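A.B. asks: Structure below; questions to follow.
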Amino acid sequence: MNAQLEQMIAESRRIVFFGGAGVSTESGIPDFRSADGLYRQDGDVSPETVLSRHYFVRYPEHFFRFYKEKMLCLTARPNAAHLRLAALEREGRLSAVITQNIDGLHQAAGSRRVLELHGSVHRNFCMDCGAPYGAEYILHNDGVPRCACGGIVKPDVVLYEEPLDSAVLDEAIGVLRNADLLIVGGTSLAVWPAASLVDFFGGDRIVLINREETRLSGRASLLITADIGETLRPTLRREGTL
Ligand code: NAD
Ligand code: ZN
């Protein structure tokens with residue numbers, strides 16, 4: 001809990017939250033760029049390469065091995081950050097969550113307007129006939145998951161070298177332009193073009209909640225260098241009355 005943040009939240013009606021992998025580390029899903037993140041782990045090929053379009057097309061079996069081991073965490077549960085953001089939307093204070101995450105934890109927490117810039121592990125489609133499949137189908141499939149028609153079932157996640165969905169981008173720009181408070185958290189702001197979206201924010205109050213400095217640190221009205229779940233956890237819950 002941070003008194004200044006709570007004050008700013010109390011004064012706002014159109015909060016937009018922009019987040020990334022750091023929002024889900026307290027749920028047990030590793031991020032990419034932290035000390036124990038996926039980018040620091042040894043491997044023959046970098047995660048950026050494995051998660052790229054050309055690698056997926058060329059080495060689908062390697063792609064799916066990495067994806068299933070490192071990206072599919074279907075047992076993870078929402079943490080205090082996800083739950084608080086969902087509550088703020090219900091209270092009519094938050095207009096949207098914009099996320100770079102693909103884990104679906106904001107929706108699991110009850111958030112309704114979630115703009116998923118990089119797609120979701122929960123949507124998977126046959127590349128030939130378009131038939132939909134759930135995440136469990138991918139997880140329990142040995143090797144490359146195939147549709148009944150023989151086509152490869154591809155997760156609806158944006159790989160490196162693939163464009164972002166323009167409808168999602170437009171909607172994100174729209175909510176950012178109208179926001180009265182921007183809370184950015186759990187993101188290194190290093191992945192483009194997603195990170196550049198925060199520049200569309202039309203207001204003057206930015207709160208940054210991150211374990212480390214980012215390129216936005218200098219522009220923040222409030223800089224909170226701490227864990228985001230702990231920071232967003234509601235006061236009442238802390239006092240044990242909720
Ligand atoms: P990133 O790994 O580049 O950066 C994460 C940032 O969050 C770091 O600055 C780190 O210091 C901070 N952080 C980590 N845990 C935190 C916590 N508990 N509280 C506050 N700050 C915390 O992540 P990114 O900027 O989202 O970019 C990585 C890309 O990888 C994204 O495009 C995303 O799609 C993808 N990704 C998604 C997931 C997921 O869906 N959960 C997990 C890993 C990677
Ligand atoms: Zn098919």
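A.B. asks: In 10 Å bins starting at zero, report the fraction of Cα pairs in region 140-182 per bin as a rounded %.
C.D. replies: Calculated over all Cα pairs of region 140-182, the distribution is 21, 29, 25, 16, 9 percent.
A.B. asks: Could you work out the local net charge near residue 90, counting Lys and Arg as +1, Asp and Glu as -1, over the other residues with Cβ closer than 14 Å to its Cβ?
C.D. replies: Details: positive: 13, 84, 93, 112, 113; negative: 89, 91.
In short, +3.
A.B. asks: To continue, here is another question. What does DSSP give for region 1-145 in terms of the percent of beta bridges that are antiparallel, rounded to the nearest 5?
C.D. replies: Working: 2 of 10 bridges.
Percent antiparallel among DSSP bridges in region 1-145 is about 20.
A.B. asks: Which one of 160, 144, 175 has its Cα pushed farthest toward the positive end of the charge dipole of region 136-175, where Lys and Arg give +1 and Asp and Glu give -1 at the Cβ?
C.D. replies: The residue sitting most towards the positive pole is 144.
A.B. asks: Equivalent-ellipsoid semi-axes (√(5λ), Cα gyration tensor) for region 1-96, whole Å, largest first? Don't skip to the end; give the middle numbers.
C.D. replies: Values: eigenvalues 244, 39, 30 Å².
Semi-axes, largest first: 35, 14, 12 Å.
A.B. asks: Below 8 Å between Cα atoms, with a sequence gap of 6+, how large is the relative contact order for region 100-242 in percent?
C.D. replies: On the way: 195 pairs, mean separation 22.4, N = 143.
Relative contact order here is 16 percent.
A.B. asks: Around residue 138, with a cut-off of 14 angstrom between Cβ atoms, what is the net charge of the other residues, counting Lys and Arg +1 and Asp and Glu -1? Intermediate values should be presented prior to the final figure.
C.D. replies: Details: positive: 65, 68, 70, 123, 146, 154; negative: 61, 69, 103, 136, 142, 156.
Net charge in that neighbourhood comes out at 0.
A.B. asks: Also: Do you know the relative contact order of the chain, to the nearest whole percent, from alpha carbon pairs under 8 angstrom that are 6+ apart?
C.D. replies: Details: 432 pairs, mean separation 58.4, N = 242.
The normalised contact order for the chain reaches 24 percent.
A.B. asks: Another question about this same structure. So what are the ³J(HN,Hα) numbers for region 146-157, from phi and the Karplus equation (6.51, -1.76, 1.60; θ = phi - 60°), rounded to whole Hz, Gly and Pro as x?
C.D. replies: So the J values, rounded to whole Hz, are 10, 7, 4, 7, x, x, 6, 8, 9, x, 7, 10.
A.B. asks: Evaluate the Kirkwood expression for the hydrodynamic radius of the chain, namely the inverse of the mean inverse distance over all pairs of different C-alpha atoms, and round to one decimal in Å. Could the numbers behind the result be given before it?
C.D. replies: On the way: mean 1/r = 0.0535 Å⁻¹.
18.7 Å is the Kirkwood radius here.
A.B. asks: Going by a ≥ b ≥ c, the root eigenvalues of the Cα gyration tensor, does region 157-230 fall in the rounded group (a/c under 1.5), the prolate group (a/b larger than b/c) or the oblate group?
C.D. replies: Numbers: a/c = 2.20, a/b = 1.33, b/c = 1.65.
Oblate is the answer for region 157-230, as a/c is 1.5 or above yet b/c matches or exceeds a/b.
Here, each number is a calculation from the coordinates, and none is a lab measurement. Predicted model, so just to flag it, every value in this text is computed and none were measured. Note: ideal-geometry Cβ built from the backbone for every residue, glycine included; neighbour counts use all protein chains shown.
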